[in-house]
1. Which residues, counting only those in the range 45-57, are in a strand (DSSP E or B) and either open to solvent by 70 Å² or more (accessible area, probe 1.4 Å) or closer than 15 Å to residue 30 by Cβ (or both)?
2. Among the listed residues 60, 22, 95, 69, identify the single one that is assigned to a helix (DSSP H, G or I), of a type in the set (A, V, I, L, M) and out of contact with any Asp or Glu (no Cβ under 8 Å at 6 or more places or on another chain).
3. Does residue 82 qualify as being over 15 Å from residue 112 (Cα atoms) and in contact (Cβ under 8 Å) with a residue 12 or more places away in the chain?
4. Write out, first by first residue and then by second, each pair whose Cβ atoms fall under 7 Å of each other, whose residues are 6+ apart or on separate chains, and whose first residue, in the range 61-75, is at pLDDT 75 or above while the second is open to solvent by 80 Å² or more (accessible area, probe 1.4 Å) and not in a loop (DSSP other than H, G, I, E, B).
5. Could you tell me how many of the residues in the range 17-45 are under 12 Å from residue 83 (Cβ atoms) and not basic (Lys, Arg)?
6. So, of the residues in the range 98-111 that are within 9 Å of the chain's Cα centre (by Cα) and assigned to a strand (DSSP E or B), which turns out to be surrounded by the fewest Cβ atoms within 10 Å (Cβ to Cβ)?
7. Can you tell me which residues in the range 1-35 are of a type in the set (Val, Ile, Thr), out of contact with any strand residue (DSSP E or B) (no Cβ under 8 Å at 6 or more places or on another chain) and open to solvent by less than 80 Å² (accessible area, probe 1.4 Å)?
8. Pick from the range 86-97 the residues that are open to solvent by 60 Å² or more (accessible area, probe 1.4 Å) and over 14 Å from the mean Cα position of the chain (by Cα): which of them is nearest to residue 15 (Cα to Cα)?
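The values are calculated or read from the model by the stated rules, or taken from the named source; none is laboratory data. Fair warning: this is a prediction, and the values are worked out from it, not measured in the lab. Cβ placement follows ideal geometry from the backbone for every residue including glycine, while neighbour counts extend to all protein chains displayed. Ligands, DNA and RNA are excluded from the accessible area calculation, which covers all protein heavy atoms including side chains. Shrake-Rupley method; radii C 1.70, N 1.55, O 1.52, S 1.80 Å.
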Amino acid sequence: MRPTGTKVVATNRQARRNYTILDTVEAGLVLRGSEVKSLRESKVQITDAFARIDSGEMWLHALHIAPYLFSQTHTGHDPDRKRKLLLHSHEIERLRSRVDPEQLSLIPLSIYFKDGRAKVE
């Protein structure tokens with residue numbers, strides 16, 4: 001049975017202090033198995049992370065997810081790799097049309113599990 005409800009893993013409190021939040025969007029995260037296990041243990045640093053739109057896709061950069069302690073070295077993950085964010089194409093275009101002309105930043109505010117799936121706000 002899949003867990004229900006929302007469990008917050010990490011929040012970016014500095015982002016709310018350093019930036020003016022104009023809009024929030026919920027996006028899914030593409031993760032490897034060992035990354036999900038590390039997230040469930042809250043082994044993540046979200047402070048320096050940011051998102052970029054690149055060729056019609058949105059990517060999350062500089063998010064550090066610590067390697068899972070019990071994973072094999074060949075099945076583990078790179079802790080600082082860029083991770084794809086799952087959004088509909090019309091949502092990405094709406095964000096691009098606002099971010100590019102106004103030179104805004106896309107900053108993750110929190111990472112959480114919603115009904116067992118990893119999400120980013």
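1. Quick first cut of the range 45-57, residues in a strand (DSSP E or B) only: 45, 50-54, 57.
Correct list: 45, 51, 52, 54, 57.
2. Working: 60 fails: assigned to a helix (DSSP H, G or I); 22 fails: assigned to a helix (DSSP H, G or I); 69 fails: assigned to a helix (DSSP H, G or I).
Of the residues listed, the single one that is assigned to a helix (DSSP H, G or I), of a type in the set (A, V, I, L, M) and out of contact with any Asp or Glu (no Cβ under 8 Å at 6 or more places or on another chain) is 95.
3. Values: over 15 Å from residue 112 (Cα atoms): yes; in contact (Cβ under 8 Å) with a residue 12 or more places away in the chain: yes.
For residue 82, the condition - over 15 Å from residue 112 (Cα atoms) and in contact (Cβ under 8 Å) with a residue 12 or more places away in the chain - is met.
4. Taking only residues 6 or more apart or on different chains, the pairs are 61/52; 64/45; 68/37.
5. Start the filter on the range 17-45 by keeping residues that are under 12 Å from residue 83 (Cβ atoms), which leaves 27-32, 35-36, 39, 44.
Then drop every residue that is not not basic (Lys, Arg), which leaves 27-31, 35-36, 39, 44.
Matching residues across the range 17-45 total 9.
6. 110
7. Start the filter on the range 1-35 by keeping residues that are of a type in the set (Val, Ile, Thr), which leaves 4, 6, 8-9, 11, 20-21, 24-25, 30.
Filter once more, keeping what is out of contact with any strand residue (DSSP E or B) (no Cβ under 8 Å at 6 or more places or on another chain): 4, 20-21, 24-25.
Within the range 1-35, 21, 24, 25 meet the criteria.
8. Looking only at the range 86-97, we keep the residues that are open to solvent by 60 Å² or more (accessible area, probe 1.4 Å), and these are 86, 88-90, 93-94, 96-97.
Narrowing further to those that are over 14 Å from the mean Cα position of the chain (by Cα): 88-90, 93-94, 96-97.
On the way: 88: 24, 89: 26, 90: 25, 93: 23, 94: 22, 96: 20, 97: 22 Å.
So, considering only residues that are open to solvent by 60 Å² or more (accessible area, probe 1.4 Å) and over 14 Å from the mean Cα position of the chain (by Cα), the one nearest to residue 15 (Cα to Cα) is 96.
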